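Take a look at the structure set out below.
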Amino acid sequence: MLHKQAAFRDRLMKIGSVIALTLVVAAVASADDRRFTASALPSVHLKQSGRVVITNDSHSITAYRFFGNIRESLVSLRSSRVLSTNPFGPAVFDSRASVIAPDDFASAIEEAGRTHGVDPRLVAAVARRESAWNVNAISRTGACGLMQLMPETARFLGVTNVFDPRENIFGGARYLRTLLDTFNGDLDLTLAAYNAGPGAVEKYRGVPPYRETQAYVAAVKATYQRALR
């Protein structure tokens with residue numbers, strides 16, 4: 001019995017960790033009810049017995065557990081806060097655009113853009129700023145690889161080897177698309193969330209007042225806009 005109780009507590013702690021990572025997506029989702037669900041992640045079998053599934057709409061996030069066709073709600077959180085967004089335009093979703101990048105990475109960037117529906121020129125602009133194309137880069141906070149993915153974010157995105165350039169690029173492109181959807185195509189908020197985290201964007205109701213983040217947004221956006229010309 002004690003073993004079962006401990007296992008159940010561990011499961012609840014894991015649920016809490018995933019909710020902490022995804023709650024901000026629900027809190028700032030746009031009013032058109034875009035959805036981001038844990039069931040969209042790789043290798044997730046939605047109704048596998050005992051599987052915990054997290055779903056959200058524009059104002060709530062709920063964790064469920066399945067037992068066959070029976071769905072049990074474990075926890076549900078709601079937010080009435082809606083973040084004002086300013087969509088950049090359709091270019092950020094132009095996944096068929098060609099990209100100028102180092103030969104070792106250009107094809108992977110273009111393929112990742114097509115796979116996740118994000119402009120590869122934006123992926124390249126982020127990679128350039130994040131790591132200066134260094135596949136082995138590690139930041140002082142522990143972000144790794146070309147797209148500087150934090151270990152927790154990498155696991156959430158299904159990246160198993162953050163130092164594999166292709167995996168890292170695909171993970172970064174997927175994360176960018178998630179943030180673009182979360183912030184209704186607002187490029188400034190997307191880049192700020194990539195740099196400082198979605199929670200910081202939600203906290204400050206816009207680009208956080210961090211010098212590093214503000215410089216990051218300006219630099220990546222400028223590089224991307226030059227690529228659009």
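The values are calculated or read from the model by the stated rules, or taken from the named source; none is laboratory data. Since the structure is predicted, the reported quantities are computational estimates derived from the model, not experimental observations. Cβ coordinates were reconstructed from backbone atoms using ideal geometry, including for glycine residues, and neighbour counts include every protein chain displayed.
In the stretch 99-116, which residue that is surrounded by fewer than 16 Cβ atoms within 10 Å (Cβ to Cβ) and at pLDDT 95 or above is nearest to the chain's Cα centre (by Cα)? Break it down into steps so the answer makes sense when it comes.
Within the stretch 99-116, the first condition is being surrounded by fewer than 16 Cβ atoms within 10 Å (Cβ to Cβ), and the residues that meet it are 100, 102-104, 106-107, 114-115.
The next check asks that each one be at pLDDT 95 or above; those that pass are 102-104, 106-107, 114-115.
Working: Pro102: 24, Asp103: 26, Asp104: 24, Ala106: 21, Ser107: 22, Arg114: 17, Thr115: 15 Å.
Among those residues, the one meeting the criterion is Thr115.
What's the number of the condition Val201 fails, among (1) buried (at least 23 other Cβ atoms within 10 Å of the Cβ); (2) more than 16 Å from the chain's Cα centre (by Cα); (3) over 25 Å from Ala108 (Cα atoms)?
(2)
Could you check the stretch 217-229 and list, in sequence order, the residues that are free of Cβ contacts under 8 Å to residues at least 12 places away in the same chain and of a type in the set (Lys, Arg)? Please lay out each step first, then the result.
Filtering the stretch 217-229 down to residues free of Cβ contacts under 8 Å to residues at least 12 places away in the same chain leaves 218, 222, 225-226, 229.
If the condition is that a residue be free of Cβ contacts under 8 Å to residues at least 12 places away in the same chain and of a type in the set (Lys, Arg), then Arg226, Arg229 are the ones that fit.
Give just the number: which of (1) modelled with pLDDT of 95 or more; (2) closer than 23 Å to Val207 by Cα does Asn134 not satisfy?
(2)
Which residues, counting only those in the stretch 152-164, are modelled with pLDDT of 95 or more and either of a type in the set (Ser, Thr, Tyr) or surrounded by fewer than 22 Cβ atoms within 10 Å (Cβ to Cβ) (or both)?
Thr160, Asn161, Phe163, Asp164
I'd like the residue in the stretch 166-198 that is closer than 30 Å to Asp103 by Cβ, β-branched (Val, Ile, Thr) and under 12 Å from the mean Cα position of the chain (by Cα) and, out of all such residues, is surrounded by the fewest Cβ atoms within 10 Å (Cβ to Cβ).
The selected residue is Thr178.
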